[in-house]
Amino acid sequence: MPAAAWLTPPTYDASATSLTAHAEAIGAMMAGRARLWLGPFAPPSALPTGFEDTALVVPTSGSTGGAKAVALTREALLASQHATAALFAGDGTAPDTAGQGFWLPLLPPTHIAGVQVIARAHGTAQQLGLAAPALPDPLPDLRGHFDSAAFVALAQPALEQAAAAGLPAFTSLVPTQLTRIVTGATGDDVRARALLQRFAAVLVGGAAITPDVLARARNQRIAVRTTYGSSETAGGCVYDRRPLTGVHLEIDEPVDGEGRLQIASPTLATGYLGPDGTAIEDGFVERDNTRLLVTSDLARLDEGLLTVIGRADDVIVTGGRKVLPQDVERAIDRSLMLRGLVLGSIVVGVEDPEWGQRLEAVVTISEGVDPAEASALVRSALRTSEVPAHQIPRRVYVVEELPLLGIGKPDRAAAARLAAARISNA
């Protein structure tokens, strides 16, 4: 039987028309009528051996290495969707609909998180016998800046349609989006929080969420579900630090309980494809007849609960000492002296002839804080904490917005370029 044709939607521009085209393509892919190519290069004329069942190809969101794409089967995508529905059905989130619900898409449908939102809505229609996917009609226009006013305009009609259909409402956000809603003080922020409280589940992933924002959201009675996963796991495979059914986590060669995270799961991707259409042997291993994804994340497991510490390839070596930038970022976030003053930070290493790499930080600050005082403010706060001296950034640079990758992850390469440019212009 010949393979289904590749669907390659026009470049996504966040308009309602573009979102509709992608939603229709995702529906055709999930129904088995077509294969969907969202990769960063053109689809090859033929797939390599072992990739024949590929249904979806998406770009990776990493900031290092050459171009490559992740190939997923329909079975992997369905395994992820079924595990999520089983969780929601069993924990009281959506018991009356077998874990199915109405989905408000707010993430780009070119990344796995955004694809899965729409794919789950098609799954709701299939499981419950609906005539159309459980998505807003018409689909929203996502162009422009995301803030509480934009969320109110999108969420209000979606919640009304979900209620009319008798379905619980779900959505998925990246931490930056959630932060803007839960920390704002305007009338739109208050209205946005009231609407967000009406969602049965708000999935938050793509990057680490700060403990302060998570606590504030839950204190505001927003049903936040933290998720961990990647394109290679067909999206979130760990919810609220617990693996979904069928997902097995292990730490490779742990030192003091910490090491590189490995994942076995029915949701794993087939592998990577390169621009020439060949398979890239990277990231997946076979051990004891079990296929594992070897992630780049350093983590630990505490009685089955996952804590991601940072990425192994983010480690900065300064003066012969290793520094994990996430440790410094967490210290900045937890500092009482900086609370309400520093809104976000990315810590990077910049080449230095004496130290090898020098720690620098790029931050966003609140209105009223003098940018010229930011470096002294951050360094003074960290000196009063338990952060070792070699982990205190030498300089701190203020930017209007932190550089992020497409799905909300910190773009450390871009942040390092910003820091280096500030140094050269100083």
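The values are calculated or read from the model by the stated rules, or taken from the named source; none is laboratory data. Remember, predicted model here, so these are calculated numbers, not experimental data. When we count neighbours, we look across all protein chains shown, and the Cβ atoms used for this are built from the backbone with ideal geometry, even at glycine. For accessibility, only protein heavy atoms count, side chains too; no ligands or nucleic acids. Shrake-Rupley method; radii C 1.70, N 1.55, O 1.52, S 1.80 Å.
Hey, does the stretch 278-294 have a residue that's in a strand (DSSP E or B) and under 19 Å from the mean Cα position of the chain (by Cα)?
yes
Can you name every residue in the stretch 350-369 that is small (Gly, Ala, Ser), assigned to a strand (DSSP E or B) and open to solvent by 20 Å² or more (accessible area, probe 1.4 Å)? Steps first, please.
Here is the first cut: in the stretch 350-369, the ones small (Gly, Ala, Ser) are 356, 361, 366, 368.
Still in the running and assigned to a strand (DSSP E or B): 356, 361.
Within the stretch 350-369, 356 is the sole residue that qualifies.
Determine which single condition residue 29 fails, assuming it passes every other condition in (1) of a type outside the set (Gly, Ala, Ser); (2) open to solvent by less than 20 Å² (accessible area, probe 1.4 Å); (3) farther than 23 Å from residue 277 by Cβ.
Of the numbered conditions (1) of a type outside the set (Gly, Ala, Ser); (2) open to solvent by less than 20 Å² (accessible area, probe 1.4 Å); (3) farther than 23 Å from residue 277 by Cβ, the odd one out for residue 29 is (3).
What residue, of 351, 360, is touching a Pro at 6+ places or on another chain (Cβ under 7 Å), charged (D, E, K, R) and touching a residue at least 40 places away in the same chain (Cβ under 8 Å)?
360
Within the stretch 242-256, is even one residue open to solvent by 30 Å² or more (accessible area, probe 1.4 Å), of a type outside the set (Val, Ile, Thr), modelled with pLDDT of 95 or more and within 17 Å of residue 171 (Cα to Cα)?
No, there is no match, as no residue in the stretch 242-256 is open to solvent by 30 Å² or more (accessible area, probe 1.4 Å), of a type outside the set (Val, Ile, Thr), modelled with pLDDT of 95 or more and within 17 Å of residue 171 (Cα to Cα).
Kindly provide the set of residues from the stretch 195-232 that are open to solvent by 50 Å² or more (accessible area, probe 1.4 Å) and either of a type in the set (Gly, Ala, Ser) or under 12 Å from the mean Cα position of the chain (by Cα) (or both), ordered by number.
Correct list: 208 only.
Looking at (1) open to solvent by 10 Å² or more (accessible area, probe 1.4 Å); (2) closer than 20 Å to residue 196 by Cβ, which one does residue 134 not meet, given that it meets all the others?
(1) is the only condition that residue 134 fails.
Which one of 329, 401 is outside any loop (DSSP other than H, G, I, E, B), open to solvent by 20 Å² or more (accessible area, probe 1.4 Å) and not polar (S, T, N, Q)?
Answer to the selection: 329.
Please go through the stretch 309-326 and give me each residue that is assigned to a helix (DSSP H, G or I) and under 14 Å from residue 209 (Cα atoms), ordered by number.
Hit for the stretch 309-326 is 326, nothing else.
Got a sec? Which of 307, 290, 267, 295 is more than 14 Å from residue 248 (Cα to Cα), among the polar types (S, T, N, Q) and open to solvent by less than 80 Å² (accessible area, probe 1.4 Å)? Lay out the reasoning, then the answer.
On the way: 290 fails: more than 14 Å from residue 248 (Cα to Cα); 267 fails: more than 14 Å from residue 248 (Cα to Cα); 295 fails: more than 14 Å from residue 248 (Cα to Cα).
307 is the lone residue from the list that is more than 14 Å from residue 248 (Cα to Cα), among the polar types (S, T, N, Q) and open to solvent by less than 80 Å² (accessible area, probe 1.4 Å).
Among the strands (runs of 3 or more DSSP E) lying completely within the stretch 44-120, list those that include at least 3 residues that are more than 21 Å from residue 176 (Cα to Cα) and modelled with pLDDT of 95 or more.
Counting at least 3 such residues, we get 54-59, 69-73.
Could you say whether any residue in the stretch 71-83 is touching a Pro at 6+ places or on another chain (Cβ under 6 Å), open to solvent by less than 30 Å² (accessible area, probe 1.4 Å), among the aliphatic types (A, V, I, L, M) and touching a residue at least 60 places away in the same chain (Cβ under 8 Å)?
Within the stretch 71-83, one or more residues are touching a Pro at 6+ places or on another chain (Cβ under 6 Å), open to solvent by less than 30 Å² (accessible area, probe 1.4 Å), among the aliphatic types (A, V, I, L, M) and touching a residue at least 60 places away in the same chain (Cβ under 8 Å).
Every residue, every condition in (1) touching a Lys or Arg at 6+ places or on another chain (Cβ under 7 Å); (2) among the polar types (S, T, N, Q); (3) farther than 21 Å from residue 75 by Cα, yes or no:
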position	(1), (2), (3)
252	yes, no, yes
256	no, no, yes
264	yes, no, no
268	yes, no, no
271	no, no, no
278	no, yes, yes
283	no, no, no
290	no, yes, no
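Give the residue, chosen from 321, 339, 330, that is touching an Asp or Glu at 6+ places or on another chain (Cβ under 8 Å) and basic (Lys, Arg).
Testing whether each residue is touching an Asp or Glu at 6+ places or on another chain (Cβ under 8 Å) and basic (Lys, Arg) leaves just 339.
Does residue 164 qualify as being open to solvent by 30 Å² or more (accessible area, probe 1.4 Å), aliphatic (A, V, I, L, M) and assigned to a loop (DSSP other than H, G, I, E, B)?
no
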